[in-house]
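Q: Let me give you the structure first, and then I'll get to my questions.
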Amino acid sequence: MQKWHVILTKADHKKIKMTLRSNNVPMEAKKRAQILLDLDEADGRKPDSLKEVMRKRGVSENTVVQTRKRFSEQGICTAIFRQKRLTPPTPPKVTGEVEAHIIAAACSAPPEGFSRWSMQMIANKIVIDGIIDSISDETVRLVLKKHGLNRT
């Protein structure tokens, strides 16, 4: 016996049909929508078996099972479309304050004996000043490029 059942309402059918007709929907979402249609048990209809759905749609067993599970637990939109991540996986290391210090260092006079700042020198100065624990010269370059600054 399967644990999760797919019983689509008329509104669900309408959403699936719109998804399948749309040109702005990724192919993976269209495949999941087709999987839901194949697994539909509404009106006493016998759904396709897991193996049949896998063969017809060219997907793995896990895709079929997860789509069915998401539909049963969270609804049609979650089953078809991927969820957007609310927060990035890691917070950004360079904040506005750090950017300001990088720009200030780049705009200041270079150290004695040098005609201009190098990216590594700016990175080292920011770390020595205690603004940030560590930063690469490439990050410094990207910050300066973002603000349209060069080293001269």
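Q: With Thr67, Thr139, Thr78, Thr90 as the choices, which residue is among the polar types (S, T, N, Q) and touching a Phe, Trp or Tyr at 6+ places or on another chain (Cβ under 9 Å)?
A: Thr78
Q: Right, something else. For segment 99-119, indicate whether the set of residues that are at pLDDT below 95, of a type in the set (D, E, K, R) and not in a loop (DSSP other than H, G, I, E, B) is non-empty.
A: No: segment 99-119 contains no residue that is at pLDDT below 95, of a type in the set (D, E, K, R) and not in a loop (DSSP other than H, G, I, E, B).
Q: Please determine whether any residue of segment 128-141 is crowded, with 17+ Cβ neighbours inside 10 Å, closer than 30 Å to Asp12 by Cα, in contact (Cβ under 8 Å) with a residue 24 or more places away in the chain and out of contact with any strand residue (DSSP E or B) (no Cβ under 6 Å at 6 or more places or on another chain).
A: no
Q: To continue, here is another question. Show me the helices (runs of 4 or more DSSP H) found entirely inside segment 10-95 where at least 1 residues are basic (Lys, Arg), free of Cβ contacts under 8 Å to residues at least 60 places away in the same chain and farther than 30 Å from Ile132 by Cα.
A: 10-21, 27-39, 50-57, 61-74
Q: Same structure again: I need a count of the residues in segment 15-36 that are of a type in the set (A, V, I, L, M) and surrounded by 19 or more Cβ atoms within 10 Å (Cβ to Cβ).
A: 4
Q: Determine which member of the set Arg85, Arg45 is closer than 21 Å to His13 by Cβ, surrounded by fewer than 18 Cβ atoms within 10 Å (Cβ to Cβ) and out of contact with any Ser or Thr (no Cβ under 7 Å at 6 or more places or on another chain).
A: Matching residue, one of Arg85, Arg45: Arg45.
The values are calculated or read from the model by the stated rules, or taken from the named source; none is laboratory data. Since the model is a prediction, treat every value here as computed from it, not as a measurement. All Cβ positions, even for glycine, are placed from backbone atoms using ideal geometry, and neighbour counts span all protein chains on display.
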